[in-house]
Amino acid sequence: GIAGLYRVHLAKTTWQVSAGKELKWALSDQSAGSAEIFPTMKSDIILEHKTAQRRIIIDTKFNSILTKGWYREQSLRNGYIYQLYTYLRTQENKTDPLSLNAAGLLLHPAVGYMLNEYVVTQGHKIHFATVDMTVDAKAIKKQLLAIAHDCAGVAVDD
C-alpha cells in the first residue's frame, strides 16, 4: 500500500512513517456508558519530516475526489474535509509542537488528471491531491513522493 511505499522510498534519516495509528479524542469528561459507544479515530498514514518539523496526516480514499456540488459543477466532498479537520484539531496539544500546525492530505485516485490544491484553516494546511492511475508504477511512485514532499514543504530529495 501507500504507507509501505513511503516506508521504502522516503529517507529514514528524515522521515517517519506510521500507518493505522489510533488518534485520541481530547475529551474533558464523558458519561459512564459513552466509552462503549463513542467512535474511535484511526489515521491511514502519518508522515513526519524531522528536519522541516512537519507532521502530515493522510486520509486515503478510493473514489473520486470531486462530486457534483449544490451550487457548482464540481465540489470536494465535505464529509471527508470535516473528518480530516477533526483529526487535525483533536490532536492539538501544547506538549506536542508538531500537532499545532500539522498538515492534512486527502489523497484520492484519478483517471487521466491530477489535482493538487490546498486551503489553510486555523493554522492547518489541508491538501487535496490525486494520483493519476493511468500511468505506470514508476510514475505513480514519483507522484506519491512529490505529494509527500510538497505537503512537508521540502524539496523532493530531502
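The values are calculated or read from the model by the stated rules, or taken from the named source; none is laboratory data. Source: prediction; values computed, not measured. Reconstructed Cβ throughout: ideal geometry from the backbone, glycine too, with neighbour counts over all protein chains shown.
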Just a yes or no: is a residue in segment 79-88 of a type in the set (A, V, I, L, M) and in a strand (DSSP E or B)? no
From the list 5, 47, exactly one residue is part of a strand (DSSP E or B), within 25 Å of residue 135 (Cα to Cα) and touching a helix residue (DSSP H, G or I) at 6+ places or on another chain (Cβ under 8 Å). Which is it? 47
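How about segment 14-29: which of its residues are without any contact (Cβ under 8 Å) to a residue 24 or more places away in the chain and more than 15 Å from the chain's Cα centre (by Cα)? So that I can check it myself, show each step before the final result.
From segment 14-29, those without any contact (Cβ under 8 Å) to a residue 24 or more places away in the chain are 22, 27-29; that's our starting set.
Correct list: 27, 28, 29.
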Can you list residue pairs whose Cβ atoms sit under 8 Å apart, with the first residue in segment 135-146 being over 14 Å from residue 111 (Cα atoms) and the second being β-branched (Val, Ile, Thr) and surrounded by 14 or more Cβ atoms within 10 Å (Cβ to Cβ)? Count only pairs 6 or more apart in sequence or on different chains. 144/2; 144/131
Residue match in segment 104-112 (condition: in contact with a Cys (Cβ under 9 Å, 6 or more places away or on another chain) and either in a strand (DSSP E or B) or of a type in the set (Val, Ile, Thr) (or both)): yes
Among the residues listed as 74, 83, 122, the single one being free of Cβ contacts under 8 Å to residues at least 40 places away in the same chain, out of contact with any Asp or Glu (no Cβ under 8 Å at 6 or more places or on another chain) and on the phi < 0 side of the Ramachandran plot: 74
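Can you confirm whether residue 114 is modelled with pLDDT under 95 and either farther than 23 Å from residue 25 by Cβ or not small (Gly, Ala, Ser) (or both)? If you could, list the steps in order and put the result at the bottom.
Details: modelled with pLDDT under 95: yes; either farther than 23 Å from residue 25 by Cβ or not small (Gly, Ala, Ser) (or both): yes.
Yes.
From the list 144, 107, which one is buried (at least 21 other Cβ atoms within 10 Å of the Cβ) and within 21 Å of residue 64 (Cβ to Cβ)? Explain how you work it out, then say what you get.
Working: 144 fails: buried (at least 21 other Cβ atoms within 10 Å of the Cβ).
107 is the lone residue from the list that is buried (at least 21 other Cβ atoms within 10 Å of the Cβ) and within 21 Å of residue 64 (Cβ to Cβ).
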Would you point out the residue of segment 1-42, among those that are farther than 24 Å from residue 86 by Cβ and charged (D, E, K, R), that is surrounded by the fewest Cβ atoms within 10 Å (Cβ to Cβ)? 12
Any residue at all in segment 48-68 that is within 17 Å of the chain's Cα centre (by Cα), over 20 Å from residue 18 (Cα atoms), touching a residue at least 60 places away in the same chain (Cβ under 8 Å) and surrounded by 15 or more Cβ atoms within 10 Å (Cβ to Cβ)? yes
